[in-house]
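The structure appears below as structure tokens.
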Amino acid sequence: MIERLAQGTVPRKHHIQLKDAAGHLHWEHCITQDGFEAPYTITYHRHAPHRQSPMPTTHAFAGPRSAAPMDGLLKRHFLSQSLPASTKSPLDARLPMLFNADITLSVLKPGADDAVYFTNADGDDLFYVHEGGGTLRTLLGDLDFGPGDYVFVPRGILHRFTLKPGVAQWWLSIECRGGAHIPKQWRNGVGQLRMDAPYCHRDFKKPTFRGPLDEGLREQVVKRGDAFYGFSTKESPLDVVGYDGTVYPWVFHILDFQPRVGLTHLPPTWHGTFAARGALVCSFVPRPTDFHPEAIPCPYPHSSVDVDEFIFYCKGNFTSRRGVSPGSMSYHPAGIPHGPHPGAYEASIGHKETTEMAVMLDCLLPLQKTMAASGIEDAKYHASFLP
């Protein structure tokens, strides 16, 4: 997704033999996107990666991806900070909150390592780690992560999470059904990140390849069509001796995003960090505010006829909102205007900087809430905009 990686031992050309010193023939495994038309990675295994036996599994997300009644077209506030910590692993602790055909937004507060390998065949997974940390282990190598990191796991990549001991975990999950990528405006004609992009190649942490590994785990869980299927293998699936390609996981810290500042207030698209089918993921980070002598730094009231807006508040002073705190999630649907709380617009005049940190999504298709989201909704939020 960012650039081509070649790690470990690979043959001098794809689709030819790779043997070790004892003459053992390795298995080439092609991981492709969009059929054979898009980015791909080729891995080389000591054993055949496609020999799997179906088995029962009890592993699944903590709640269904199904709609609850919306009970009106309203501005909404969901209190993820009220969710208790879980004793479950990241795979089993993921709790869907809002979704459409392109995106599923979930919250998870895991308390145990994944005890199985997981492959999401429904979409790319982008996590924002609000609190906690650990290691993402994949067949392509390991990635350590911590608070403030985005963690990206491409569709179809076998992996599991291990957690940093003794640390509370609190993550936002963005499942991208049509894939996630770098917005095209930040790339030049050959795919390199432009010099005026809000980040550079060096900001993205790539996997540390470790070679073949056997953790003693043989169970794999695959999610396809929101159903969960179990498989077992005789050998470790982490038996990769090398790989070559552009499909791999990465980690990016939100504070490595370089914010833009304008004479007057810039629209959220200037904060666009990652793109997905039907959605733009934006990062709001501390920055100077607008520098026109008559600027109004607070966001203006806005009617969007095309997108629903979702914000996960991370930390800082949210000048346009009252009653929100780290972990608050706001949802403002298309069709009705949204904007700052009473008094915030006027009070922002003269401010020279903002300390807010938040992850925002603009979604083209209407979002639906789940029953789990209804259970943590602030019912007074819509009325809080009245003077």
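Can you tell me which residue in the range 354-387 is nearest to residue 313 (Cα to Cα), limited to those that are surrounded by fewer than 16 Cβ atoms within 10 Å (Cβ to Cβ) and among the hydroxyl-bearing types (Ser, Thr, Tyr)?
Per the stated criteria, the residue is 355.
Based on what the data block shows, is residue 129 of a type in the set (A, V, I, L, M, F, W, C), assigned to a strand (DSSP E or B), out of contact with any helix residue (DSSP H, G or I) (no Cβ under 6 Å at 6 or more places or on another chain) and free of Cβ contacts under 8 Å to residues at least 60 places away in the same chain?
For residue 129, the condition - of a type in the set (A, V, I, L, M, F, W, C), assigned to a strand (DSSP E or B), out of contact with any helix residue (DSSP H, G or I) (no Cβ under 6 Å at 6 or more places or on another chain) and free of Cβ contacts under 8 Å to residues at least 60 places away in the same chain - is met.
Scan the range 357-371 and give yes if some residue there is of a type in the set (Gly, Ala, Ser), more than 19 Å from residue 261 (Cα to Cα) and not assigned by TED's automatic domain parsing to the domain that holds residue 131, otherwise no. Can you show your working first?
Pass one, the range 357-371, residues of a type in the set (Gly, Ala, Ser): 358.
Cutting the leftovers down to more than 19 Å from residue 261 (Cα to Cα) gives us none.
No, the range 357-371 contains no residue that is of a type in the set (Gly, Ala, Ser), more than 19 Å from residue 261 (Cα to Cα) and not assigned by TED's automatic domain parsing to the domain that holds residue 131.
Kindly indicate whether any position in the range 255-272 is modelled with pLDDT of 95 or more, part of a loop (DSSP other than H, G, I, E, B), touching an Asp or Glu at 6+ places or on another chain (Cβ under 6 Å) and in the same structural domain as residue 363 (by TED's automatic domain parsing).
No, the conditions are met nowhere in the range 255-272.
Do we find that residue 122 is modelled with pLDDT of 95 or more, outside any loop (DSSP other than H, G, I, E, B) and not small (Gly, Ala, Ser) in this structure? Let's see the steps before the verdict.
Details: modelled with pLDDT of 95 or more: yes; outside any loop (DSSP other than H, G, I, E, B): no; not small (Gly, Ala, Ser): yes.
When the stated conditions are applied, residue 122 does not pass them.
Would you point out which residue out of 251, 240, 281 is crowded, with 20+ Cβ neighbours inside 10 Å, among the β-branched types (Val, Ile, Thr), modelled with pLDDT of 95 or more and over 19 Å from the mean Cα position of the chain (by Cα)? Spell out how you get there, then give the answer.
Working: 251 fails: over 19 Å from the mean Cα position of the chain (by Cα); 281 fails: over 19 Å from the mean Cα position of the chain (by Cα).
Every option except 240 fails the conditions.
Among the strands (runs of 3 or more DSSP E) contained in the range 5-90, which hold 1 or more residues that are over 30 Å from residue 339 (Cα atoms) and modelled with pLDDT of 95 or more? Before the answer, list the steps.
Numbers: elements: 5-8, 27-32, 40-45, 53-55, 76-79.
In the range 5-90, 5-8, 27-32, 40-45, 53-55 are the strands (runs of 3 or more DSSP E) which contain 1 or more residues that are over 30 Å from residue 339 (Cα atoms) and modelled with pLDDT of 95 or more.
What's the number of the condition residue 312 fails, among (1) surrounded by fewer than 20 Cβ atoms within 10 Å (Cβ to Cβ); (2) touching a helix residue (DSSP H, G or I) at 6+ places or on another chain (Cβ under 9 Å); (3) among the aromatic types (Phe, Trp, Tyr); (4) part of a strand (DSSP E or B)?
It is condition (1) that residue 312 fails.
Residue check, residue 341 against (1) modelled with pLDDT under 95; (2) part of a strand (DSSP E or B), all met but one. Which one?
Of everything listed in (1) modelled with pLDDT under 95; (2) part of a strand (DSSP E or B), residue 341 misses just condition (2).
More than 25 Å from residue 178 (Cβ to Cβ), under 23 Å from the mean Cα position of the chain (by Cα) and of a type in the set (Lys, Arg): which single residue out of 380, 352, 315 fits that description?
315
Determine the pairs where a residue that is on the phi < 0 side of the Ramachandran plot, located within the range 114-126, has a partner that is small (Gly, Ala, Ser) and outside any loop (DSSP other than H, G, I, E, B) with Cβ atoms under 6 Å apart, the partner being 6 or more residues away or on another chain.
124/180; 126/180
Look through 214, 196, 226 and report the one residue that is at positive phi and surrounded by fewer than 22 Cβ atoms within 10 Å (Cβ to Cβ).
That would be 226, the only listed residue that is at positive phi and surrounded by fewer than 22 Cβ atoms within 10 Å (Cβ to Cβ).
Please name all residue pairs, on different chains or six or more residues apart, with Cβ atoms under 6 Å, provided the first residue is in the range 254-276 and is at positive phi and the second residue is hydrophobic (A, V, I, L, M, F, W, C).
That search, which allows pairs on different chains as well, returns nothing.
Find the residue count for the range 40-92, including only residues that are crowded, with 17+ Cβ neighbours inside 10 Å, more than 20 Å from residue 368 (Cα to Cα) and in contact with a Lys or Arg (Cβ under 7 Å, 6 or more places away or on another chain).
Going through the range 40-92 one residue at a time, the tally reaches 1.
Within the range 1-27, can you find the residues that are β-branched (Val, Ile, Thr), farther than 12 Å from residue 244 by Cβ and within 35 Å of the chain's Cα centre (by Cα)?
2
Within the set of pairs 6 or more residues apart or between chains, which connect a residue that is aliphatic (A, V, I, L, M) inside the range 32-43 to a residue that is surrounded by 12 or more Cβ atoms within 10 Å (Cβ to Cβ) and in a loop (DSSP other than H, G, I, E, B) with Cβ atoms less than 7 Å apart?
Note: pairs meeting the criteria are 42/14.
In the list 92, 71, 102, which residue meets the criterion of being free of Cβ contacts under 8 Å to residues at least 24 places away in the same chain, closer than 30 Å to residue 225 by Cα, not small (Gly, Ala, Ser) and not assigned by TED's automatic domain parsing to the domain that holds residue 325?
Numbers: 92 fails: free of Cβ contacts under 8 Å to residues at least 24 places away in the same chain; 102 fails: free of Cβ contacts under 8 Å to residues at least 24 places away in the same chain.
It is 71.
For residues that are in a loop (DSSP other than H, G, I, E, B) and among the polar types (S, T, N, Q), scanning just the range 348-362, find the one that is nearest to residue 253 (Cα to Cα).
Among those that are in a loop (DSSP other than H, G, I, E, B) and among the polar types (S, T, N, Q), it is 355.
The values are calculated or read from the model by the stated rules, or taken from the named source; none is laboratory data. All values reported here derive from a predicted model rather than from experimental measurement. Virtual Cβ from ideal backbone geometry, glycine too; neighbours counted across all protein chains shown.
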